[in-house]
Amino acid sequence: MDATIASILALDGLSNGAVYALLALATVLVFAVTRVIFIPQGEFVAFGALTLALLQARQVPGTVWFLLVLAAAVAVQDLAAGLRHGQPAGRLAMQALRTLAWPVAVSLLAIWVAPKGLPLLAQAALTVALVTPFGALLYRLAYESLADASVLVLLIVSVGVHFALVGLGLFFFGAEGFRNPSFWDVRFSVGALTLSGQTVIIFAASLALIVGLWLFFERSLAGKALRATAVNRLGARLMGISSSSAGRLSFTMAAFIGALSGLLIGPTTTVFYDSGFLIGLKGFVAAVFAGLASYPLALVGALGVGLLESFGSFWSSPYKEVIVFSAILPVLLWRSLRDPHGEDH
Amino acid sequence: MKLLRKTIAAAAAVAATTAFADVNIGVTLSLTGPASGLGIPVGNQFKLFPKEIAGEKINLIVLDDASDPGKGVNNARRFVTEDKVDILFGGSITVVSAAIAPIALESKTPQLSIAPVGVPPEQERWVFRLPQGFTVMAHPIVEHMKKTGVKTIGFLGYTDAYGESWLKEIEKQAGAAGIKVVAVERFARTDTSATPQALKLTSANPDAVLVVASGSGAAMPHKALIERGYKGKIYQTHAAATPDLVRIGGKDVEGSFVVSGPAVIAEQLPANHPSKAVAVDFVTKYEAAYGKGSRNQFAGHAYDAQIVMQKVLPEALKKAKPGTPEFRAALRDGIEAMGRTILSHGVMLWTPADHWGYTNETGVLLTVVNGQFVVVP
């Protein structure tokens, strides 16, 4: 290996690592606020990429029907709970309207504009608008009623949600993969390196999102409320922060980040309905590097996973995944030696 | 009341005799579940199966196994115990075929597998496969390499059984032809990048690279090779011979070589290809029933099952009555001894030693020109 090959590998690893970083941040965010180890995080990536691909093909993406079904399920759940508690009809109607308004509106928009073939950026925006509401809906359907359950129960629910989403992904998107067109079709040559426009976009978007998240947590009230919930749920609740709306917000952000990652990765590889899982899992490995707590460490971990994967597949491609996932073991050992504490739930 | 009972008894007797006289075929296919993409076209072709062969009524009993070997076994058990079938067709995927092979052996019922399945030697006797094995598909690739002076090749394939089987086969055949495999790299269908593997292959710089992947998954490593400036020949396997390769690969797959069974490219086959007429017949009838462009290799295997039955049934009927163990044995022997037979998927020659059977005339090498598959002259 010479410097040229090493630099090409490093570039490849870092651009994948940038996407893993986004997913790692989302995983840390969701865990910190709700204690849910969100395994289906990667599914949003596949949903994002495939929704855009189907919009490109001028078809109404399956995401639309999925979103409507999910929103209807949540509305019915709310209705049942409301009736059980004997809430007035007006309030029930308001609640249903709040749940259904956005999904129905964005679905109708998608059905209307899909055959017209909008410009790529408008389709990307529509994709994000379609996939983002999945976060809060999934949280309300699967996790909210279990908010006080143990981490283990929440993890088991996550596994179930993951299998459900993969199965439904196959149903709504089909078994064949898609590759999206590049958002910016240029190539820069820096020495022996060729930098594609998409790589630049991946780095820029990841950086922008990380800075945006930092500003959100430092400067906005909602962000501070999320941080407070993450630090101490009970304390935050005593201060008047609703832990369930904090949960919904964190899941919405996770879905948004997932959809965006899907848009970023879609033009660089072929995405299948089940591609998301491994991508999400690598984000999760990076999040574990950070002890599911620290955002900057998660970023470092994700770039590390990207590099390890890229160099690993150069040296020994059959064992690539083994190398990446074995790397988690020494990290776990180190973490458990550094702060030895019992199970805290 | 007595009359009614008599009528029922008579009806039952009639039903029993007709059931005894008809030829019953048990078909288990993956019509739902993850592998339904392969099973549904097979089921479609079986809807066109002849109602009568050699004057004998054919009962085709089709059950869905939901891509689940357990359900496939249940179906097969039902076929051999309740329906008393004379022959089993299926499964449409390897795992189901492998799961029902022991039942075929136990009940001494011949099994025509629609998936390329390997079974333990003791089960081999009752299992015959309709899809081509890797040996016949690797043959045209290696022949073309020899003809165009390829001396070294690189391998870039799935980390699963499909990749492994191809690697073994290509190492064997290329080795015999004096071609060296200089680099072996692996990837998975859901990988986000094959750049490192492509880098390693381009630095080894073989004369040709064989990409072993399926459908739309075959495009990503291909594009990675082109992006890294690989200039040699790129070969793809028969699982990649679908429009999805071109849909995703675009201009990057132009000029690459893809091996394929003859069925799906019927009209383009050279006039001297033995399967031409049969393949054209399959494609015309299938597309007349299911629309233009609906042809696919899986339905072709189901069509071939029909050719085999038409050839074997008349002989077996002379030896024994349907529904008896002797008839099942006669069918099995007939299939094994039917000799060179032209199928839509190639030329079949099953022998007692070889239940895969296709001859080397089978595979056809295609190349991509302007987004279309064209036969290499």
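Bear in mind these aren't lab numbers, they're just calculated from the coordinates by the rules spelled out. Being a predicted model, the structure only gives us computed values, none of them experimental. As a convention, Cβ positions derive from the backbone with ideal geometry for all residues, glycine included, and neighbour counts pool all protein chains shown.
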Considering only A:319, A:295, A:20, give the residue with the highest GNM mean-square fluctuation for chain A, with springs between Cα atoms whenever their separation is below 10 Å.
A:319
Check cross-link reach from residue A:116 to the lysines: straight Cα distance under 27 Å, and skip same-chain residues fewer than eight apart.
B:251, B:292
Largest fluctuation, B:120, B:314, B:206 only, Gaussian network model of chain B with Cα springs under 10 angstrom, belongs to B:120
Going toward the positive end of the dipole of chain B, with +1 on Lys and Arg Cβ and -1 on Asp and Glu Cβ, which of B:150, B:178, B:310 do you reach last?
B:310
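Kindly put A:188, B:257 in sequence by how many other C-beta atoms sit within 10 Å of each C-beta, fewest to most.
Numbers: A:188 11, B:257 20.
Ascending number of Cβ neighbours within 10 Å: A:188, B:257.
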If you take every residue apart from residue A:78 with its C-beta less than 14 Å away from the C-beta of residue A:78, what net charge results, scoring Lys and Arg +1 and Asp and Glu -1?
+4
Long-range HN-HN contacts of residue B:358 with modeled amide H, under 5 Å
B:133, B:349
What is the sum of charges around residue B:220, taking Lys and Arg as +1, Asp and Glu as -1, for the other residues whose C-beta is under 9 Å from the C-beta of residue B:220?
+2
Charge dipole magnitude, Cβ of K and R +1, D and E -1 - chain A, Cα centre, debye nearest 20
860 debye
With every atom except the alpha carbons ignored, what do you get for Rg and Dmax of chain A, in angstroms?
20.6, 72
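For chain B, what is the relative contact order in percent, using Cα pairs closer than 8 Å and at least 6 residues apart in sequence? Don't jump to the answer; show the numbers that get you there.
Working: 762 pairs, mean separation 61.7, N = 377.
After rounding, I find 16 percent.
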Charge dipole of region A:3-334 built from unit charges on the beta carbon (Lys, Arg +1; Asp, Glu -1), centred at mean Cα; most positive-end Cα among A:86, A:108, A:150 is A:86
Check which residues have an amide H placed less than 5 Å from residue B:115's amide H, if you skip close sequence neighbours.
B:130
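When you look at the Cβ of every residue in A:264-276, what mean number of other chain Cβ atoms sits within 10 Å?
On the way: counts 0, 2, 0, 0, 6, 10, 16, 4, 5, 2, 3, 5, 1.
The shielding value for this peptide is 4.
Of the DSSP beta bridges with both residues in the protein assembly as shown, give the percent that are antiparallel, rounding to the nearest 5.
Values: 20 of 54 bridges.
Beta bridges within the protein assembly as shown, antiparallel portion: roughly 35 percent.
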Using alpha carbon centers only, region B:271-341 is separated from region A:270-345 by a whole-angstrom value of 52 Å
Quick one: among A:39, A:257, A:201, which has the greatest mean-square fluctuation in a GNM of chain A with alpha-carbon springs under 10 angstrom?
A:201
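Mind scanning A:320/B:231; B:168/B:276; B:47/B:319; B:200/B:223; A:320/B:180 and naming the pairs with a C-alpha gap bigger than 19 Å?
On the way: A:320/B:231 26 Å; B:168/B:276 30 Å; B:47/B:319 28 Å; B:200/B:223 15 Å; A:320/B:180 25 Å.
With Cα atoms farther than 19 Å apart: A:320/B:231; B:168/B:276; B:47/B:319; A:320/B:180.
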Just report the Cα centroid separation between region A:1-29 and region B:101-165, whole Å.
38 Å
For n ≥ 4 DSSP H runs only, could you compute -39500 (n - 2.57) per run for the protein assembly as shown, divide by its residues and tell me the 222 nm figure to the nearest 500?
-19000 deg cm²/dmol
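I'd like to verify something in chain A: which complete DSSP H helices, judged by Cα projection on the helix axis, reach 18 Å or more and average at least 1.0 on the Kyte-Doolittle scale? It would help to have the intermediate numbers written out before the result.
Details: long enough: A:3-34 (44 Å, 1.77); A:41-56 (24 Å, 1.15); A:62-84 (33 Å, 1.54); A:89-113 (35 Å, 1.24); A:120-138 (28 Å, 1.90); A:151-173 (32 Å, 2.62); A:197-219 (32 Å, 1.57); A:243-265 (33 Å, 1.24); A:276-289 (20 Å, 1.96); A:295-315 (30 Å, 1.24).
Helices meeting the criterion: A:3-34, A:41-56, A:62-84, A:89-113, A:120-138, A:151-173, A:197-219, A:243-265, A:276-289, A:295-315.
Which order do B:164, B:336, B:326 fall in if you start with the one that has the fewest other Cβ atoms within 10 Å? Intermediate results must be reported in sequence, preceding the final value.
Working: B:164 15, B:336 19, B:326 12.
In increasing order of surrounding Cβ atoms, one gets B:326, B:164, B:336.
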Compute the distance from the alpha-carbon center of region B:30-84 to that of region A:116-176, in whole Å.
36 Å
Region A:3-334, relative contact order in percent, only Cα pairs under 8 angstrom and at least six apart counted:
39 percent
For region B:274-376, give the magnitude of the charge dipole about the Cα centre (Cβ charges: +1 Lys/Arg, -1 Asp/Glu; no others), in debye to the nearest 20.
260 debye
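Provide a whole-number value for the mean count of partner chain Cβ atoms within 10 Å of the Cβ atoms in peptide B:194-202. Don't skip to the end; give the middle numbers.
Details: counts 4, 12, 14, 4, 4, 9, 8, 1, 1.
Counting other chains' Cβ atoms within 10 Å and averaging over B:194-202 gives 6.
Within a 10 angstrom radius of each residue's Cβ in A:71-78, how many Cβ atoms of other chains show up on average? Whole number is fine. Display every interim value, and only then the final one.
Values: counts 0, 0, 0, 0, 0, 0, 0, 0.
That works out to 0 on average.
Explain nothing, just the number: relative contact order of region B:134-260, from Cα pairs under 8 Å at least 6 residues apart, as a whole percent.
On the way: 230 pairs, mean separation 32.6, N = 127.
Relative contact order here is 26 percent.
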Per-residue Cβ contact counts at 10 Å, fewest first, order B:311, B:318 as B:318, B:311
List the residues, sorted by chain then number, that are 5 or more residues from residue B:376 or on another chain and whose placed amide H is less than 5 Å from its amide H.
B:365, B:366, B:367
Rounded to the nearest 20 debye, what is the charge dipole size of chain B about its Cα centre when +1 sits on each Lys and Arg Cβ and -1 on each Asp and Glu Cβ?
380 debye
